[in-house]
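Some notes on the structure that comes next.
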Amino acid sequence: MQMIYCTCNVSVLESLLKIIEENKIRAYQVIDQVTAKNKLGAPRFNDPVWPGYNSAVLLQVKDAEKVDRLAKEIKAFNQNAFNESELVTFCSWNLNHYFFD
């Protein structure tokens, strides 16, 4: 099981969610307003000096092939991004425990 963390400018959140849904990933959470100082592009602190914000998506994915396919599709999305403000960050790590009870 992998935990995946994606973060992006709110302007591309809908596109990211579409990629996730097209890959039939059903377990994820969206954190709508995330302020951030990104590696590339201007900070997004949702204030008058640094307007805008990111959104974050956390995903729990059991199928390793889905993880690899999602990473590949997000990388392709980034290669076609209009500018560096539209890049999606993708991180994943092993998830040792995941349960609801």
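What follows is calculated from the coordinates using simple rules that are stated; it is not laboratory data. Small disclaimer: the values here were computed from a predicted structure and weren't measured. Cβ sites come from the backbone with ideal geometry, for glycine too, and all protein chains shown count toward neighbours.
Computed on the Cα trace of the chain, the radius of gyration divided by the Kirkwood hydrodynamic radius gives Rg/Rh = 0.99.
Arranged from fewest to most other beta-carbon atoms within 10 Å of their beta carbon, V57, V34 become V34, V57.
Sites listed here are chymotrypsin sites (Phe, Trp or Tyr not before Pro) in segment 36-94 whose DSSP assignment is loop and whose Cβ has at most 10 other Cβ atoms within 10 Å: F82. From helices alone, the chain scores -8000 deg cm²/dmol at 222 nm; the rule is -39500 (n - 2.57) for each run of n ≥ 4 DSSP H residues, then divide by the residue total.
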